[in-house]
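Here's the structure we're looking at; comments come further down.
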Amino acid sequence: MSKRRRPISGAAFCAGIVFAGSAHTAVARTAVEETVTVGEVVVTADKVGLLERRPTGVVFGLDKPLIETPRSASFVSDTTLDRYGILTLDKLTAVSPGTYTASFFGVAGSVEIRGTLAENYFRGFKRIENRGTYSTPVGDAAELQIVRGPPSPIFGPGKVGGRVNFIPKTAQDSGAYLTHPVGEISLTGGGYDKKLATGQFGVPLNLGAVRGGVYAYGEVEDSGSFYRGIHPAHELGEVSVDFDLGGGWSTAFGGMIYNSTGDVQTPGWNRVTQDLIDHQTYITGRNTVLVDSNHDGRLEPTEISLGGTYPIGTSLYKAYFGFPLDIDPRFVLDTGVGTTKLDPRTVFVSRADFSNTTTDTAYLDIVKDLGANRTIKLQQFYDRLSNARFVSYGFPAEYRAWTEETRLSLTLPVNAPGGLITSNNLLGAADRYYRGEKKETFNSGLISLDRRDLSFGPTPTDVFDSPFNHSPGGLDWEIDVHSRWNDIGVFETSDITIGGRLNLILGGRYDHYTATSQDTGIFSFETPLEVSGAQDKWTYTASASYKLPWGFMPYVTYDRSAALEIEQAGDIRPANIQGGAFVSNSTLAEAGVKFQLLNKTLIGSLDIYRQTRTQLSGLNSIVQPTVGKGFEYEFRYLATNNLSFTLVGDFQHTEVIGPDKSVYYIPPADTGTAGINGYGGAFLTFDFSQWGGKPGNYSYSLVPHAVSSLFATYSSDDHPWGRWGATAGVTYASKTSGITPVAVTYPAYELVNMSLFFERGPYDITLNIDNLFDKLYFTPDQGVIADIGVLPGRGREWRLTIKRRF
């Protein structure tokens with residue numbers, strides 16, 4: 001039984017390495033144009049923020065330039081985010097290889113890295129799971145760090161695919177405190193009623209011998225959307241405080257609050273056929289057998305049932321077991337049947353749909369410099385999520401969760417006499433605790449994505465009831481998982497250099513996991529009893545690199561890691577605890593070369609990898625193994641003081657290792673049922689490997705095999721009238737498809753984005769145009785509806801931003 005805890009109140013403590021980052025590069029333009037030094041790299045006029053400003057500990061926890069780190073990793077500065085027009089995580093394909101992501105119901109909560117779901121971190125700490133729950137904000141980031149592969153020992157257990165680490169703006173710039181107040185306000189307006197306002201302010205704060213500063217950032221959005229019926233709205237506030245207390249002591253603390261009411265989930269288009277994708281020809285029609293008899297605007301169980309009693313016998317799905325199915329009159333389209341052309345702006349959404357989210361994040365670091373490059377750190381972190389959502393095809397959910405982590409670490413250099421062998425060592429311990437509740441309703445089968453005729457719009461007979469309505473005899477929470485888990489671990493990592501050229505990084509971690517879950521839902525397929533379990537895991541990492549002449553550094557890495565099999569709210573399914581499957585192993589083998597060429601103005605990397613990992617699959621959340629292989633490349637080139645280029649991309653193949661026993665939605669045609677006789681309901685296979693799916697291993701085709709992005713930026717010299725610049729680039733993605741044997745294929749596409757900016761004194765005007773040529777493209781849906789829903793890509797969008805620096 002896990003020990004009961006209470007969440008930390010107020011400015012809760014944080015864990016994570018202190019990454020100062022470029023705190024106010026958006027405020028002070030000169031910060032990114034001065035001479036930049038990272039390790040041995042010295043470059044001037046990095047006007048787009050493409051080069052590291054100082055080493056970071058994002059990969060191994062020990063400060064090290066990425067160009068010298070034997071792992072595939074990228075960083076994106078706030079200047080790069082601005083110039084490339086990146087507002088959400090799903091746009092990272094422009095600057096980082098391996099980050100193409102299938103649609104999480106149109107909400108950019110997380111990315112997929114190397115074909116599998118990645119994790120979000122804040123200052124080196126893992127946040128609560130976000131699978132399309134809300135759009136992860138990036139506007140207040142000083143830097144985003146993308147690591148491909150598992151977290152190193154200091155960061156705790158995690159999936160081998162990778163992670164995105166968020167570095168907030170602080171009152172430090174390249175390690176130095178602000179010397180004078182700085183600030184910025186911005187207003188953004190654009191197509192589809194885009195409205196966004198931001199403000200940030202940093203001030204030095206010196207109290208006697210104590211030096212430091214405070215930095216605050218705020219953001220408010222109330223916009224329309226390319227997709228009709230969706231109106232993103234959110235508020236964000238972030239504060240960071242940094243102090244040098246004297247005597248070798250320093251501290252950093254702060255927090256972030258985020259509130260969203262507009263991240264409504266949409267599967268995009270339903271009734272997916274190849275003709276719909278190729279020619280936008282949509283099958284129309286509605287079912288009139290079911291009637292909203294009480295005129296409350298939705299279908300309740302008694303209005304769907306053909307004699308059954310909720311929650312048994314009221315389902316609107318048919319199970320497919322490989323033989324022909326009888327026609328159900330509730331499934332038949334009996335009016336308005338025909339075809340029409342569907343506009344990509346028309347997607348599945350109704351006025352009944354909503355998603356309300358609040359997150360709170362807080363941290364505290366206390367650091368003691370012991371001299372001789374020895375440092376001890378006590379760090380604490382807190383993250384809380386509250387979300388309530390409803391998607392009118394029949395998916396209500398409510399998530400309440402919080403987590404806290406305490407980490408104590410010691411950095412200790414140890415060098416051999418004579419200096420032939422030097423090492424920097426990191427050792428410590430960490431304790432992470434989670435507690436949450438996940439409520440969902442779908443087990444009774446009152447779900448039908450295809451029932452709505454998108455060309456006609458929502459009607460009371462394709463909007464389903466939910467527990468939020470509290471209707472007498474209506475739906476209740478069928479799944480109600482109360483979950484808590486604890487991870488206590490000790491870790492050690494050594495960065496060893498031999499002869500100034502050979503570098504070895506060796507690390508290990510031992511974790512003790514305890515987990516307890518109980519499902520008290522009214523129609524759960526789990527045991528109603530509380531289930532507890534415990535496991536111990538040893539994980540390790542080993543890397544070697546060698547600095548060759550002419551700026552090349554080949555490397556190899558092998559990692560064996562472990563991760564908890566967590567659900568959408570960060571919870572653990574009781575059956576996985578009961579079966580001893582709540583902690584899974586993963587491995588990574590990676591080899592590559594990093595380089596600095598042309599007087600260190602061209603930097604980049606090439607790598608190949610093979611990874612094994614698991615992912616939760618199907619409505620039954622089985623633990624499914626996968627194997628991924630790929631080749632990645634990244635180039636950043638400062639061609640002149642005014643012109644720069646980036647080229648990133650990957651070739652990857654992810655294979656699901658069968659048999660896949662997932663419970664999965666399949667199109668009517670896969671059961672031998674014509675669409676007009678089946679779109680009024682839903683079809684399920686209770687074993688994807690036997691009925692309607694694939695019997696053995698199969699390709700995870702929701703992610704393209706090839707993705708590439710080429711961008712160029714020109715920034716003029718300074719003139720008395722100011723300066724100007726432009727960024728333009730193209731992203732290519734190869735074809736994708738669903739995963740059933742006769743799945744619909746989505747064609748390859750290229751997207752062109754561009755931006756123009758003009759600066760004069762403290763003013764900055766930027767025009768961004770996404771999808772310049774209004775290309776029609778498609779992104780497959782994730783999860784159990786991947787073969788019955790698809791999101792049409794956003795058409796041409798523009799926005800104009802005006803900034804004023806102080």
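The values are calculated or read from the model by the stated rules, or taken from the named source; none is laboratory data. On a predicted model such as this, the values are computed, not experimentally measured, just so you know. In this analysis, Cβ positions are derived from the backbone assuming ideal geometry, glycine residues included, and neighbour counts consider all displayed protein chains. Just so you know, the surface numbers come from the protein's heavy atoms only, side chains and all, with ligands and any DNA or RNA stripped out. Shrake-Rupley method; radii C 1.70, N 1.55, O 1.52, S 1.80 Å.
General observations
- With all protein chains in place and a 1.4 Å probe, the accessible surface of region 258-409 carries 54 percent carbon and sulfur.
- A simple spin-label model places pseudo-atoms 7 Å from Cα toward Cβ; at residue 552 and residue 504 they are separated by 2.4 nm.
- Peptides 662-670, 538-546 ordered by packing proxy, namely the average of other Cβ atoms within 10 Å per residue, highest first: 662-670, 538-546.
- Once you divide the Cα radius of gyration of region 164-303 by 2.2 N^0.38 Å, the number left is 1.75.
- Residues of the chain: accessible area per residue with a 1.4 Å probe, Å²: 35 Å²
- Mean Cβ count within 10 Å, highest first, over the residues of peptides 72-80, 583-591: 72-80, 583-591
- Accessible-area composition of region 569-669, carbon plus sulfur, in percent [1.4 Å probe]: 62 percent
- Whole-Hz Karplus values for region 266-273 come out as 9, x, x, 9, 10, 6, 6, 9 Hz, taken residue by residue from phi with 6.51 cos²θ - 1.76 cosθ + 1.60 and θ = phi - 60°; glycine and proline positions read x.
- In Å², nearest 10: area of residue 67 left accessible to a 1.4 Å probe: 30 Å²
- Inter-part distance, region 117-135 to region 42-73, computed on C-alpha centroids, equals 22 Å.
- Efficiency of FRET from Cβ geometry, residue 732 and residue 655, R₀ 30 Å, rounded to 0.05: 0.85
- Accessible-area order (highest first, 1.4 angstrom probe) of the listed residues 730, 349: 730, 349
- Sorting 223, 250 by accessible area puts them as 250, 223; the probe is 1.4 Å, largest comes first, and only protein heavy atoms count.
- Taking every DSSP helix (H) stretch of at least 4 residues in the chain, weighting each as -39,500 (n - 2.57) and dividing the sum by the residue count yields a mean residue ellipticity at 222 nm of -500 deg cm²/dmol.
- Amide H contacts of residue 463 (H built 1.01 Å from N, under 5 Å, at least 5 apart or other chain): 299
- For the pair region 219-283 / region 578-630, the C-alpha centres are spaced 26 Å from each other.
- Coarse-grained scattering of region 282-321 at q = 0.28, 0.29 Å⁻¹, given as base-10 log I(q)/I(0) from a Debye sum over alpha-carbon atoms: -1.01, -1.04
- The amide H of residue 142, built 1.01 Å from its N in the peptide plane, has 167, 169 as neighbours under 5 Å, considering only residues 5 or more places off or on other chains.
- Working note: Karplus 6.51/-1.76/1.60 with θ = phi - 60° gives region 727-735 the couplings 10, 9, x, 10, 10, 10, 10, 6, 5 Hz, where Gly and Pro are set to x.
- Multiplying the residue separation of residue 802 and residue 235 by 0.36 nm and removing their Cα-Cα distance gives an extension gain of 202.2 nm.
- Note that region 527-663 shows a convex hull volume over its alpha carbon atoms of 146 Å³ per residue.
- Label separation (residue 326 vs residue 641): 8.2 nm, computed from points 7 Å beyond Cα along the C-beta direction.
- Between residue 631 and residue 774, the FRET efficiency from the beta-carbon distance, with R0 = 35 Å, is close to 0.65.
- In order along region 565-570, phi translates into HN-Hα couplings of 8, 9, 9, 5, 9, x Hz, rounded to whole numbers, per the Karplus curve 6.51 cos²θ - 1.76 cosθ + 1.60 with θ = phi - 60° and x for Gly and Pro.
- Listed residues 490, 214 arranged by accessible area, highest first, probe 1.4 Å: 490, 214
- Evaluated at q = 0.15, 0.22 Å⁻¹, a Debye calculation over the C-alpha positions of region 596-724 (equal weights, vacuum) places log10 I(q)/I(0) at -0.83, -1.21.
- Annotation for region 481-533: GluC sites (Glu not before Pro) lying in DSSP loop with at most 16 further Cβ atoms inside 10 Å of their Cβ are 530.
- Reference-scaled alpha-carbon Rg (2.2 N^0.38 Å with N residues) for the chain: 0.94
- The longest stretch of the chain left intact once loop-based trypsin sites (Lys or Arg not before Pro) with at most 11 other Cβ atoms within 10 Å are removed from consideration, loops following DSSP, is 352-806.
- Each part reduced to its alpha carbon centroid, region 318-364 and region 374-449 end up 32 Å apart.
- Taking 0.36 nm per residue of separation and subtracting the Cα-Cα distance, full extension of the segment from residue 674 to residue 312 would add 127.6 nm.
- Distant-in-sequence amide H partners of residue 662 (H built 1.01 Å from N, under 5 Å): 688, 689
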